[in-house]
Amino acid sequence: MDRLTTLATEAATALLTPLGFDFSLTTAPYEDGISLLITSADARYIIGEEGDRLDDLQYMVNRLVQAKWEEAPRVRVDCDDYRARAEAKLLRRARSRAERVLKTGKPLLMEKLNAYQRRLVHNELATIPGIITTSEATDSRFKRITISKGSD
């Protein structure tokens, strides 16, 4: 992971420094790769609205890393624990909807989610007996999950 850490840190620094941000970087293991953690007083500008700039930064960091190491593991980029908080909030919403489905028997839809978010929701709700989840069959990058009551 030393090579990945070096490449990811260099990429993030090359992207953020010219923009005038004051920041610090640390890394931590994450799944098969690393999580690049940014701490900055300018966090709200790095994160953007609902994490859109953070997603863009993560995409660019991964592209720059892969330009130097084609088979590099993925780098997850987070700023001031935004992703951790957003993921916890998403899973709370999903569990709440699953509980309503169990009470009412009526299927409910989640908002449109990217592949990573859908995987989190599917995995989380798979632990709730009587709940099944399905993603809509579209070619869109963002899809909705239907939460339904399964057969007992």
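In this entry, Ser96 passes the filter for residues that are of a type outside the set (Lys, Arg), at pLDDT 95 or above and more than 30 Å from Thr9 (Cα to Cα).
The lone criterion from (1) within 30 Å of Ile38 (Cα to Cα); (2) at pLDDT below 95 left unmet by Asp152 is number (1). Apart from one condition, Gly33 fits all of (1) under 22 Å from Lys112 (Cβ atoms); (2) small (Gly, Ala, Ser); (3) modelled with pLDDT under 95; (4) touching a helix residue (DSSP H, G or I) at 6+ places or on another chain (Cβ under 7 Å); the exception is (1). In a residue-by-residue description of segment 113-134, the property of being of a type in the set (Ser, Thr, Tyr), surrounded by fewer than 16 Cβ atoms within 10 Å (Cβ to Cβ) and not in a helix (DSSP H, G or I) applies to at least one position.
When we screen Arg76, Arg83 for residues that are assigned to a helix (DSSP H, G or I) and basic (Lys, Arg), the only hit is Arg83. Screening segment 37-84 for residues that are closer than 17 Å to Phe23 by Cα and of a type in the set (Val, Ile, Thr) and picking the one that is surrounded by the most Cβ atoms within 10 Å (Cβ to Cβ) gives Val77.
Beta carbons closer than 7 Å, at least 6 apart along the sequence or on distinct chains, pair a first residue in segment 90-101 that is in the same structural domain as His122 (by TED's automatic domain parsing) with a second that is of a type in the set (Gly, Ala, Ser) for Val101/Ser148.
Taking segment 58-73 as the range and being in contact (Cβ under 8 Å) with a residue 24 or more places away in the chain and not in a helix (DSSP H, G or I) as the test, the residues that pass are Trp69, Ala72, Pro73.
Pairs are defined by a Cβ separation below 8 Å, a sequence spacing of at least 6 or placement on different chains, a first member in segment 44-57 that is within 12 Å of Arg83 (Cα to Cα) and in contact (Cβ under 8 Å) with a residue 12 or more places away in the chain, and a second member that is basic (Lys, Arg) and in a helix (DSSP H, G or I); the pairs so defined are Ile47/Arg53; Gly51/Arg83; Leu54/Arg83.
The values are calculated or read from the model by the stated rules, or taken from the named source; none is laboratory data. The model shown is predicted, which means the values in this text are computed figures rather than measured ones. Here Cβ is always computed from backbone atoms with ideal geometry, including for glycine, and neighbour counts include all displayed protein chains.
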